[in-house]
1. What residue, among those in region 84-112 that are in a helix (DSSP H, G or I) and free of Cβ contacts under 8 Å to residues at least 24 places away in the same chain, is surrounded by the fewest Cβ atoms within 10 Å (Cβ to Cβ)?
2. Taking region 83-98 on its own, how many of its residues are over 17 Å from residue 140 (Cα atoms) and in contact with a helix residue (DSSP H, G or I) (Cβ under 6 Å, 6 or more places away or on another chain)?
3. (1) assigned to a loop (DSSP other than H, G, I, E, B); (2) at pLDDT below 85; (3) loosely packed, with under 13 Cβ neighbours inside 10 Å: which one isn't true of residue 55, the others all being true?
4. Regarding residue 21, is this residue at pLDDT below 90 and over 14 Å from the mean Cα position of the chain (by Cα)?
5. Yes or no: residue 137 without any contact (Cβ under 8 Å) to a residue 60 or more places away in the chain and touching a helix residue (DSSP H, G or I) at 6+ places or on another chain (Cβ under 9 Å)?
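The values are calculated or read from the model by the stated rules, or taken from the named source; none is laboratory data. What you see is a predicted model; the values in this text were computed from it and never measured. A quick note on method: Cβ atoms are made from the backbone with ideal geometry, for glycine too, and the neighbour counts reach across all protein chains shown.
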């Protein structure tokens, strides 16, 4: 089963790298292309912070190093969890594979240039959700899958777990 986990993570990284490359080749930095006017456009911005622009305005000279260190630590934790769940293909394994691929995709950018290319821009009028990329999307989808596994687990499993304690 581990080969499927690797395949999912690798697919996220390849799709992330390809889309970032296409954006960098076809859209000038800080420019955009409308896809659905008034709702969605492709843009080319570079994020020096964390996901969705968090900490991008921080003047700290250690910001990039700390984000890289955090990404490496997160990859180590997710790798250990994936290894532990490596013999099954379930929602948890898929979620961890998505998070792993997304973290690796953004880490690649941070190590290579100290910033991440973001290009998916959803907005209504002048209200914009922070631009993001395929790696960010994979991380969020993976995290939502993990949360659904935690909070939406069948009740009988929860009862058995409580009785065992």
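1. To start, the set of residues in region 84-112 that are in a helix (DSSP H, G or I) comprises 84, 91-112.
This time we only want the ones that are free of Cβ contacts under 8 Å to residues at least 24 places away in the same chain, so: 84, 112.
On the way: 84: 11, 112: 9.
The extreme case among them is 112.
2. The first filter runs over region 83-98 and keeps only residues over 17 Å from residue 140 (Cα atoms), leaving 83-90.
From what is left, the residues that are in contact with a helix residue (DSSP H, G or I) (Cβ under 6 Å, 6 or more places away or on another chain) are 85-86, 89.
Selection size over region 83-98: 3.
3. (3)
4. Details: at pLDDT below 90: no; over 14 Å from the mean Cα position of the chain (by Cα): yes.
The answer is no for residue 21.
5. On the way: without any contact (Cβ under 8 Å) to a residue 60 or more places away in the chain: yes; touching a helix residue (DSSP H, G or I) at 6+ places or on another chain (Cβ under 9 Å): yes.
Yes: the conditions hold for residue 137.
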